Amino acid sequence: MDEHEILCDSLMTWLSNFDVPAPHQYPHEVTDGVAIAQILGQIDGEFFDTAWLSRIKEDVGDNFRLKTNNLKKVLNHMIDYFREVTGNELVGFQLPDLMAISEQTDKQQLGRLLQLILGVVVNCSKKQHYIEEIMQLDEDVQHVVMTAIQELMQHYVP
Amino acid sequence: DPNKPAQSNERVLANFFNSLLNKKPGSPA
């Protein structure tokens, strides 16, 4: 397994602990963006609010266009979060190829999308809760999470 | 210091995550 798959699998292990209605145990289950949006709503419900969540289409099945549209809304709003809440632009961070995620469940690209959720978690008002949860995970997973956060933060430009 | 024992992985992880808890939102790593 290469490092990108390890990143994706480790972040899926972390995400699987969130309690949201949409399935989110396996990579293919999150490629429609629904579970990710619900998780973001749980992490910071003020920013990822119900009005925003209502724009995420559920039950999109295998419709790649609708899945990609959902993923675009998720990615764009996370980028908004960095800008508006943390006061940072993400410069030089290779944004995920959303079509590769929606069409092929590309784990390299999915890992980069999930990596951005970490950036939200470590800046949200409930970060203590979420970081303490991360610290309960296996050391191998924690190590991947740490490296992913460090890499992301290298791209923060105020 | 070459005589200093290497930090255990557990310690490195704890230090990192504790530093995040003490970090101001939005500040660099």
Quick one: which residue in A:ALA22, A:ALA35 is in contact with a helix residue (DSSP H, G or I) (Cβ under 6 Å, 6 or more places away or on another chain) and among the aliphatic types (A, V, I, L, M)?
A:ALA22
Is it true that A:VAL60 is of a type in the set (Val, Ile, Thr), at pLDDT 95 or above and crowded, with 21+ Cβ neighbours inside 10 Å?
no
Those helices (runs of 4 or more DSSP H) completely within the range A:97-158 that have 2 or more residues that are touching a residue at least 60 places away in the same chain (Cβ under 8 Å) and within 11 Å of another protein chain (Cβ to nearest Cβ) are A:107-121, A:127-134, A:139-153
Do you know which of the residues in the range A:67-85 that are within 14 Å of another protein chain (Cβ to nearest Cβ) and surrounded by 19 or more Cβ atoms within 10 Å (Cβ to Cβ) is nearest to A:LEU152 (Cα to Cα)?
A:PHE82
Considering A:ALA100, A:ALA148, which residue is in contact with a Leu (Cβ under 7 Å, 6 or more places away or on another chain) and at pLDDT 95 or above?
A:ALA148
Taking the range A:33-59, which residues are in a loop (DSSP other than H, G, I, E, B) and under 22 Å from A:LYS127 (Cβ atoms)?
A:ASP44, A:GLY45, A:GLU46, A:PHE47, A:PHE48, A:ASP49
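The values are calculated or read from the model by the stated rules, or taken from the named source; none is laboratory data. The structure presented is a predicted model; accordingly, all values stated were derived computationally and were not measured. Note: ideal-geometry Cβ built from the backbone for every residue, glycine included; neighbour counts use all protein chains shown.
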